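Contents: one structure, followed by commentary.
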Amino acid sequence: MIHLSFEQENTLIKNLLLANDVPEKDAISLAAVVTHSDFTGTYSHGLSRLCIYLRQYMAGALVAQPEWKIVKDEGAAISFDCGGGSGIVAVNTVYDEVLKRARKYGVAAGTGRHSANIGCGGYYGHRMAEDNVIGIVMSNTYPCQAPYLGADRLIGTNPIIMGAPTSNPERPIVIDISTSGVAIGKVQAYRRENKEMPEGWANDYDGLPTTDPHKAYVVRPMGDHKGYGLATFVDLFGGVLSGAKVSAEIPFVENMEPEETGFAVILLDIAHFIDVDAFKAHADLLVQLLKYSRPAKGVTEIFLPGEIEARQMEKNKLTGMDFSDALEAELTELAIKCGALKEGGDLREMID
């Protein structure tokens with residue numbers, strides 16, 4: 001087991017990525033999102049997911065130094081070809097450009113194609129709050145979800161992320177939800193640890209419920225037909241609108257081929273609609289009405305969207321985090337394979 005502080009995890013990730021020829025600026029961006037994921041308790045997109053990113057870089061499924069192209073520029077709308085690089089770097093880059101345009105026009109949108117997994121979406125929700133915008137990010141993913149009542153893998157977990165500021169910068173309103181009931185990364189994490197999954201997460205090849213992560217063939221849609229409908233529209237926004245691949249066109253991550261997924265970033269600059277402080281004050285009222293409303297019998301506290309993750313971040317930053325022997329062993333193996341460590345080396349050498 002390895003224990004890491006927030007700063008140590010950032011350093012470890014950055015060094016592993018630099019060893020795979022990722023530019024320092026991009027490595028910093030990736031490290032920030034992956035560490036945010038672990039420290040907010042979204043373990044499916046933390047170091048566990050980093051293992052997949054590293055394998056993709058080594059296999060050429062992710063381009064370490066992608067060539068960016070603007071495909072179409074209409075002022076408040078812009079579309080990028082992300083060159084097959086990291087989806088995390090891609091979303092942050094497109095976000096930066098869309099933000100500039102939202103400041104000018106009030107509303108702006110951007111899409112990216114030839115992208116890949118975008119990591120922990122909650123990070124982008126926090127960016128929105130810090131920038132005094134309200135917005136949404138959507139990305140399609142490789143298919144691991146069946147249509148409602150179906151058995152075939154045809155839709156991704158297709159996350160939807162939204163963020164908005166309040167007067168408390170440590171407590172923005174953020175949602176980061178997969179349109180499936182659970183992210184596929186959580187199933188992969190249970191498979192790695194050889195642990196039984198909770199009921200309702202996944203179905204087997206025949207479309208029947210299973211708690212065995214090794215038999216899990218598809219994850220189930222959130223809210224049945226509702227999640228299925230949302231996932232379809234994420235494919236339309238993130239995939240069809242951006243010119244990316246959709247559904248069965250996207251290769252499974254295990255194939256170690258370029259994912260070629262897509263995403264959309266839509267931002268509204270609050271100042272173009274209402275005074276920012278007035279927005280935050282009214283958002284605070286909404287927070288108070290929800291947070292301190294009457295709880296159901298047996299419930300001690302009502303949480304706001306993103307509050308549990310924010311608390312987890314504060315707690316874990318104070319104490320650091322423990323990561324399993326299995327994860328440490330896999331990262332060590334990858335570090336040796338990419339030349340970041342010598343044979344028999346220890347990951348701790350990379351964080352001092």
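The values are calculated or read from the model by the stated rules, or taken from the named source; none is laboratory data. None of the values given here were measured: they were computed from a predicted structure. Methodologically, a virtual Cβ is constructed for each residue, glycine included, from the backbone with ideal geometry; neighbour enumeration extends over all protein chains shown. The area values use the complete protein model at the heavy-atom level, side chains included, leaving out ligands, DNA and RNA. Shrake-Rupley method; radii C 1.70, N 1.55, O 1.52, S 1.80 Å.
Some notes on this structure:
- Just one residue in the set Val246, Val234 is under 20 Å from the mean Cα position of the chain (by Cα), open to solvent by less than 30 Å² (accessible area, probe 1.4 Å), within 27 Å of Gly84 (Cα to Cα) and of a type in the set (Val, Ile, Thr); that residue is Val234.
- Within region 271-292, the set of residues being farther than 12 Å from Val133 by Cα and open to solvent by less than 50 Å² (accessible area, probe 1.4 Å) comprises Ala278, Ala283, Asp284, Val287, Lys291.
- Close pairs (7 angstrom Cβ cut-off, 6 or more residues apart or separate chains): under 14 Å from Gly84 (Cβ atoms) in region 249-276, open to solvent by 30 Å² or more (accessible area, probe 1.4 Å) and outside any loop (DSSP other than H, G, I, E, B) anywhere: Met256/Arg55; Met256/Ala59; Glu260/His114; Gly262/Arg113
- Enumeration of residues in region 153-163 that are in contact with a helix residue (DSSP H, G or I) (Cβ under 6 Å, 6 or more places away or on another chain) and open to solvent by less than 60 Å² (accessible area, probe 1.4 Å): Ile155, Thr157, Asn158, Ile161, Gly163
- Candidates in region 59-79 are the residues that are open to solvent by less than 70 Å² (accessible area, probe 1.4 Å) and of a type in the set (Val, Ile, Thr); of these, the one that is farthest from the chain's Cα centre (by Cα) is Val71.
- Subset of region 97-118 (residues that are open to solvent by 10 Å² or more (accessible area, probe 1.4 Å) and within 17 Å of the chain's Cα centre (by Cα)): Thr111, Arg113, His114, Asn117
- Of the residues Lys317, Lys297, the single one that is open to solvent by 40 Å² or more (accessible area, probe 1.4 Å), in a helix (DSSP H, G or I), more than 19 Å from Arg192 (Cβ to Cβ) and at pLDDT 95 or above is Lys317.
- Residue in region 169-207 that is surrounded by the fewest Cβ atoms within 10 Å (Cβ to Cβ), counting only those that are touching a residue at least 60 places away in the same chain (Cβ under 8 Å) and more than 26 Å from Leu331 (Cα to Cα): Glu170
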